[in-house]
Amino acid sequence: GCLRPYQREGVNWISFLKEYALGGILADDMGLGKTVQVLAFLSTLEKESRGPILIILPTSLLFNWKQECKKFLPSFSLNLYSGSQRNLEDALESDIILTSYGILRQDIEDLSKVDWEVVILDEAQAIKNPRSQSAKAAYRLRSSFRLAVTGTPMENRLGDIWSQFRFLMPSLLDEKISSYHLSVDPTEISHIKKRIAPFILRRSKSEVAKDLPPKIEQVVLLEMSDAQRSIYDNFLLQARKGLLKKVNQEGIAKHRMELFEVLLRLRQICCHPLLLDSLLQDESERESSKYQAVMKDIEILVEEGSKVIVYSQFTSLLDLLHKEIKEKGWGQLRLDGRTRNREKVVAQFQEDAEKQIFLISLKAGGVGLNLTAADYVFLYEPWWN
């Protein structure tokens, strides 16, 4: 990997904190390469003196971090500490251990007994509530160096940032700050800002624009949840049983459309099982790893004030997004085959700062639109070609 100038500064900043036994929050905007900066920092650790490294992240990101570690740190041994067969003793033989906040909560009695060289929290806003089980578990971890990584270090109140520093450097901020809202006395706010400023590194896309290419493309790989995987496997098994006999008897040419139909349904299950509602047996199956990851990313970008486009070929998927975005009170627009005044909707997205999210169906809006206001574009599922 080759770091951009601002990323090299980030690695140097993290290394400085570790050298002086401090902690910090890497809070760059989404898309600026926080993960790469963390991995580059880890690559500087001397193998001879390297202790165990624990990285905690949302379950949906385990697979992506695994791929990034293999790509950028091939000399480091890696353990994915998850699933029912996990064994901490075996895991500790690896250089890096990746685990989720859920496993952290479950296994904190064992994890808190380890003297970690480095503990890193990705999407560290997961511990913003100091009363949550995730936060309480994180506080108990023992480590000589701690780093939090998040695009949204503070969302609603100063308590969000207090909780993260309770994990990083417990004595830095007074506990009374945990109950402060953003409307507290400006003098007090200024005092807190000065105290935490050396320990937060945050760069926006506009600040580092000179270092960025015109467009950054990122493929995010996600594992399906157990319930989602079960639906997928069961559908595939039944489809194979039904089609295999026909194909063997009559050849594949006569059943091409049926095969494409099966592929389409499998794609829909990957997007969200609710797109095939007839397959669902109970509420526990109404989940999608991809949908949850996309909604979390959108939430971060809305907090940043960015504008976002989400493309999908399935209008039923746009329906799900529209409903949840409306419930959260975020400004949104939609363009699909039912949209009558395309020009008006496009103009609203381009000009109205309150309309941050634009949901577009690929068939209706995949061509012929000039949407320069977008900071981020999500292709919810890749198009066939």
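The values are calculated or read from the model by the stated rules, or taken from the named source; none is laboratory data. Just so you know, these numbers come straight off a predicted model, no measurement behind them. Methodologically, a virtual Cβ is constructed for each residue, glycine included, from the backbone with ideal geometry; neighbour enumeration extends over all protein chains shown. Note: areas computed on protein heavy atoms with side chains; ligands, DNA, RNA excluded. Shrake-Rupley method; radii C 1.70, N 1.55, O 1.52, S 1.80 Å.
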Next item on the list: Could you tell me whether any residue of segment 230-252 is more than 30 Å from Ser84 (Cβ to Cβ), among the aromatic types (Phe, Trp, Tyr) and not in a loop (DSSP other than H, G, I, E, B)?
Entry: no
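For segment 156-168, which positions are part of a helix (DSSP H, G or I) and more than 16 Å from Phe199 (Cα to Cα)?
Start the filter on segment 156-168 by keeping residues that are part of a helix (DSSP H, G or I), which leaves 158-168.
Within segment 156-168, Gly159 is the sole residue that qualifies.
Every residue, every condition in (1) of a type in the set (Val, Ile, Thr); (2) in contact (Cβ under 8 Å) with a residue 12 or more places away in the chain; (3) open to solvent by less than 30 Å² (accessible area, probe 1.4 Å); (4) more than 30 Å from Pro5 (Cβ to Cβ), yes or no:
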| residue | (1), (2), (3), (4) |
| --- | --- |
| Ser171 | no, no, no, yes |
| Ser178 | no, yes, yes, yes |
| Val184 | yes, yes, no, yes |
| Thr187 | yes, no, no, yes |
| Lys193 | no, no, no, no |
| Leu201 | no, yes, no, no |
| Ser206 | no, no, no, no |
| Ala209 | no, no, no, no |
| Pro213 | no, no, no, no |
Check: Looking at Val308, Val294, Val220, Val247, which one is surrounded by fewer than 19 Cβ atoms within 10 Å (Cβ to Cβ), β-branched (Val, Ile, Thr) and within 26 Å of Glu123 (Cβ to Cβ)?
Finding: Val220
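Go through segment 319-342 and report how many residues are hydrophobic (A, V, I, L, M, F, W, C) and either over 11 Å from Ile360 (Cβ atoms) or within 20 Å of the chain's Cα centre (by Cα) (or both).
4
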Notebook entry, point to check: When both residues are 6+ apart or on different chains and their Cβ atoms are under 7 Å apart, which pairs have a first residue that lies in segment 66-77 and is in contact (Cβ under 8 Å) with a residue 12 or more places away in the chain, and a second that is open to solvent by 90 Å² or more (accessible area, probe 1.4 Å)?
Noted result: Phe72/Gly1
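Please count how many residues of segment 20-44 are among the small types (Gly, Ala, Ser) and open to solvent by 10 Å² or more (accessible area, probe 1.4 Å). Full working, then the answer.
So in segment 20-44, the residues among the small types (Gly, Ala, Ser) come out as 21, 23-24, 27, 31, 33, 40, 43.
Still in the list and also open to solvent by 10 Å² or more (accessible area, probe 1.4 Å): 21, 31, 33, 40, 43.
So the count comes out to 5.
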Item checked: Residues located in segment 112-155, provided they are surrounded by 16 or more Cβ atoms within 10 Å (Cβ to Cβ) and assigned to a strand (DSSP E or B) -> Trp116, Val118, Val119, Ile120, Leu121, Asp122, Ser143, Arg146, Leu147, Ala148, Val149
Notebook entry, point to check: Restricting to strands (runs of 3 or more DSSP E) lying wholly in segment 13-111: which have 1 or more residues that are within 19 Å of the chain's Cα centre (by Cα), among the hydroxyl-bearing types (Ser, Thr, Tyr) and closer than 30 Å to Phe378 by Cα?
Noted result: 96-100
Next item on the list: Check whether at least one residue in segment 311-318 is in contact with a Gly (Cβ under 8 Å, 6 or more places away or on another chain), closer than 24 Å to Leu222 by Cβ and open to solvent by 60 Å² or more (accessible area, probe 1.4 Å), and report yes or no.
Entry: yes
Check: Can you tell me how many residues in segment 314-351 are out of contact with any Ser or Thr (no Cβ under 7 Å at 6 or more places or on another chain) and assigned to a loop (DSSP other than H, G, I, E, B)?
Finding: 8
Next item on the list: Taking Ala353 as meeting all but one of (1) buried (at least 16 other Cβ atoms within 10 Å of the Cβ); (2) at pLDDT 90 or above, write down the number of the exception.
Entry: (1)
Next item on the list: Sort out which residues of segment 207-229 are within 20 Å of Glu381 (Cβ to Cβ), over 19 Å from the mean Cα position of the chain (by Cα) and assigned to a loop (DSSP other than H, G, I, E, B), and write them in order of number.
Entry: Lys215
Checklist line | For Ser132: the one exception among (1) out of contact with any helix residue (DSSP H, G or I) (no Cβ under 6 Å at 6 or more places or on another chain); (2) farther than 23 Å from Ser60 by Cα | finding: (2)
